[in-house]
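Everything on this sheet refers to the single structure shown next.
The values are calculated or read from the model by the stated rules, or taken from the named source; none is laboratory data. All values reported here derive from a predicted model rather than from experimental measurement. Every residue, glycine among them, receives a Cβ derived from its backbone with ideal geometry; neighbour counts consider all protein chains shown.
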Amino acid sequence: MSPKKWIETTTAMGIISKSGRYGGTFAHKNIAFEFASWVSAEFKLYIIKDYQRLKSDKLLNQNKLLFILGLIKEKLYQKSTIP
């Protein structure tokens, strides 16, 4: 099931999915951390530490968040394709 279909089916809050150019799946930081923990504890720690580093350096802009969420999406895709 696609993220967009899941969001519509469950009426999920705190997560959005946009298709097309510049689209993607975007989530509240707490949701992103939970997705990261589903992938692995090590990945969750990586995401949290990187988020804290970005925030403390005041470099927390949309491109950095999109990169982190892109990593999460890639890991989720890899995990879902493993038999």
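Hey, any hits in segment 30-47 for a residue that's aromatic (Phe, Trp, Tyr), at pLDDT 85 or above and under 12 Å from the mean Cα position of the chain (by Cα)? Yes - at least one qualifying residue is present in segment 30-47.
Of everything in segment 16-32 that's of a type in the set (D, E, K, R) and outside any helix (DSSP H, G or I), which residue is surrounded by the fewest Cβ atoms within 10 Å (Cβ to Cβ)?
Step by step, filter segment 16-32, then rank; the result is Arg21.
Residue by residue, here is whether (1) farther than 18 Å from Tyr77 by Cβ; (2) exposed (fewer than 12 other Cβ atoms within 10 Å of the Cβ); (3) among the basic types (Lys, Arg) holds:
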position	(1), (2), (3)
Ser2	no, yes, no
Trp6	no, no, no
Thr10	yes, yes, no
Glu34	no, no, no
Val39	no, no, no
Ile48	yes, no, no
Lys55	yes, no, yes
